[in-house]
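The values are calculated or read from the model by the stated rules, or taken from the named source; none is laboratory data. None of these values were measured; they are calculated from a predicted model. Every residue, glycine as well, gets a Cβ built from its backbone with ideal geometry; the counts of neighbours run over all protein chains shown.
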Amino acid sequence: MSSTRSRDAVVGAALIVASATSIQWSAAIVEPAFRVFSPNAVSAWRFFFGALVLLALTRPPLHRWHKEQWRSAIALGLAVAFMNQCFFQSIARIPLGAAVTIEFLGPLTVAVVGQRSRRHLAFAGLAAVGVVFLGHPGGHLTTFGVLFGLGSGLGWAGYIFANKRVGVAAPGFGGLAVSMAVAAVATTPFSMSSVATLSAHPWLGGRLLLVACMSIVFGFALELQALRRLHAASVAVLMAVDPAIAFVLGFLVLGQRAGGWDLVGLLCVVAAGVGVTIDQHGDNASTAAKASTN
């Protein structure tokens, strides 16, 4: 039992890293679409294509679903839609680094509230410092940009809890498919004005489909599996690896230069992620030991 739980901790951390890599890589691929569509429209089409693929692959037996499954799926769909729309509104008004730093306040709050051990709080603080260094926010902040960033952080926190709830209530990936369908419906108004443009540029449709598969289908599915193995608070800290992965891919794929503070931030985030994984390992081993003595 102890070895199984310890393996879950390591596998869960690996799933979060793989998810972050897929989602951030998709962000680089989608960049040309922003020259044609608004950020909100791109997000809406991503949900649309992602939901179609997930529903086709999972074919959830909705006629057998109970109320808790529906409530969980709807909550996740609304949370992720709110999170993404607020984030795109935020980066349209303030620098990306500042927006990411503000947004991370959501998962950080989950980490602090969910685990009250001193070690975990220290890892959460270290991850927060790392994100600040990676984002290196400066001036040029606006009131609405900050408010939308806070809204995105709130959505991210809700997404973590809702995703955990879906993972428990709905086996497999059927719950995720329904949740993304809910998000697609909720964001449909943002995509309606771009239907004609998408029809005139079919290559963009293919690009958005690829992005949806990498982020919505693959990325979110990996996070769901991680949440089935780890505490929500641990996942919240591990999600600080997202800006670190973005920094690495920005350097390798886009040729973006990194400064000394970026490297310090990357080391802080990686150290926090390793620490949380070890901490989770220790908690699982301690729980197993206590169970064996009872």
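Observations on the structure shown:
- Conditions (1) farther than 27 Å from Ala196 by Cα; (2) in contact with a helix residue (DSSP H, G or I) (Cβ under 6 Å, 6 or more places away or on another chain); (3) in a helix (DSSP H, G or I): number failed by Val53: (1)
- The residue of region 1-34 that is surrounded by the most Cβ atoms within 10 Å (Cβ to Cβ), among those that are β-branched (Val, Ile, Thr) and touching a residue at least 12 places away in the same chain (Cβ under 8 Å), is Ile16.
- Note on region 139-204: enclosed helices (runs of 4 or more DSSP H) holding 2 or more residues that are surrounded by 21 or more Cβ atoms within 10 Å (Cβ to Cβ) are 143-169, 174-191.
- Residue within region 227-244 that is surrounded by fewer than 17 Cβ atoms within 10 Å (Cβ to Cβ), in a helix (DSSP H, G or I) and at pLDDT 75 or above present: no
- Verdict on Phe37 being closer than 16 Å to Ile91 by Cα and in contact (Cβ under 8 Å) with a residue 12 or more places away in the chain: yes
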